[in-house]
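Derivation of every value follows stated rules applied to the coordinates shown; laboratory data play no part. Predicted model, so just to flag it, every value in this text is computed and none were measured. All Cβ positions, even for glycine, are placed from backbone atoms using ideal geometry, and neighbour counts span all protein chains on display.
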Amino acid sequence: MAKIIDGKAISKAIKDEVKQQVEEWKQQGITVTLAVIQVGSNQASTVYVNNKKKACEYTGIRSLSYELPEETTQEELLSLVRELNDREDVNGILVQLPLPAHMDEDEVIRTISPKKDVDGFHPQSVGALCIGQPGFVSCTPAGIIELLKRSGVEIAGRECVVIGRSNIVGKPMAILLLRENGTVTVAHSKTADLKAVAKRADILVVAVGKAKMITSEYVKPGAAVIDVGMDRDENNRLCGDVDFEDVEKVAGSITPVPGGVGPMTIAMLMHNCLESVKLQGK
Ligand code: GUN
């Protein structure tokens, strides 16, 4: 049976490290501030945003909350982002996605100062990641690297397969695994013989958005399996992209859903808020 990688415990350890740094800085007169913007009232977004605010409270990071109505115009949102870019007392800016359909998400992301881009979505952050320069790293893939390292999973020299090529998870995940000296393959919906490709992996990261798609037939015995999925099963229960009951019989280690990758995303956001203070040279 696979070892369970406990994302809840590891994320708490990271939040506790952040909390300690925030306290130290407080004594030196430095406050860490994150501005969180939500436009409209998408239910899932409200849950995510509330969890982010709770994590701020836990770590001692000051959070400024902007809840804008659905009808907000692109220009109104951009001018708020520009105002927050200019504010000395704001370190990180997060615009919760998705935005309402009438808005241009890419333009909003490009308007956030790369020095305050704690989500790591700005093209400059992505470019810096690709060429190994300092900058913010997207929270979910950064959290997965922490999960692997803190569970003693060796990355260097090993076969890593990422299934999924999104800008937020798959692509930055591949670059980060490469940076850790893994041998990386990115597979996707058009990959021929996905089972055979996945089965090569010592580390298999799954971000496809299809409930329980990955069964033991895709998994090499002893592999570390990281499940980024947040899906609903036939009984409407939360589950991942990996068929946990089946895969845990062959994997060496595996993340559960919930309690695996999910909590790490927010822990790394808190970590990125510390990075924002450093990047701004405070
Ligand atoms: N929507 C879903 N996940 C995320 C995230 O990590 N950041 C932002 N800004 N929006 C999201």
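Quick one: compute a quarter of the convex hull surface over the Cα atoms of the chain and quote it in nm².
On the way: hull surface 59.0 nm².
Average projection, Cα convex hull of the chain: 14.7 nm².
Restricting the calculation to Cα atoms, every distinct pair contributes to the Kirkwood radius of the range 1-112, found to be 15.7 Å. Under the convention that each Lys and Arg Cβ holds +1 and each Asp and Glu Cβ holds -1, the size of the dipole of the chain around its Cα centre is about 800 debye. Rounded to the nearest Å, what's the spacing between the alpha carbon centres of the range 39-108 and the range 175-248? Just the number, please. A separation of 31 Å, based on Cα centres.
Taking K and R as +1 and D and E as -1, what net charge do the other residues with C-beta under 15 Å from the C-beta of Asn50 add up to?
Spelling it out: positives minus negatives among the neighbours equals +1.
Extension gain, Gln43 to Glu17: 0.36 nm times the residue separation minus the Cα-Cα distance gives 6.3 nm. How many percent of the alpha carbon pairs in the range 178-221 exceed a separation of 11 Å? Considering the range 178-221, 69 percent of its Cα-Cα pairs are separated by more than 11 Å. Stokes-Einstein diffusion of the range 71-139 at 10 °C, 1.306 mPa s viscosity, Kirkwood radius from Cα pairs, rounded to a whole number: 127 µm²/s.
Each DSSP beta bridge with both residues in the chain is either parallel or antiparallel, and the antiparallel ones are about 5%. Scanning the chain for GluC sites (Glu not before Pro) in DSSP loops with at most 14 neighbouring Cβ atoms within 10 Å leaves 155-233 as the longest stretch between them.
Indicate the helices, whole DSSP H runs only, in the chain that combine a mean Kyte-Doolittle hydropathy of -1.0 or more with a Cα extent along their long axis of 15 angstrom or more.
Details: long enough: 7-27 (30 Å, -1.20); 43-59 (24 Å, -0.94); 74-86 (18 Å, -0.53); 139-150 (16 Å, 0.52); 261-279 (26 Å, 0.88).
What comes out of the filter, once short or polar helices are dropped, is 43-59, 74-86, 139-150, 261-279.
What does the charge add up to near Ile112, with Lys and Arg as +1, Asp and Glu as -1, over the other residues with Cβ less than 15 Å from its Cβ? Charge balance near Ile112 sits at -4. In the calculated pair-distance distribution of the range 222-282, the portion above 16 angstrom amounts to 56 percent of the Cα-Cα pairs.
In summary, the aspartates and glutamates within cross-link reach of Lys19, defined as a Cα separation below 18 angstrom excluding same-chain residues under 8 places away, comprise Glu57, Glu146, Glu275. For the range 149-282, lysine pairs with C-alpha atoms less than 16 angstrom apart, excluding pairs fewer than eight positions apart on the same chain, total 9. Along each principal axis, taking the top coordinate minus the bottom one, the Cα set of the range 111-160 gives 38, 19, 15 Å in descending order.
Seen from all directions on average, the range 153-282 presents a Cα convex hull projection of 8.7 nm².
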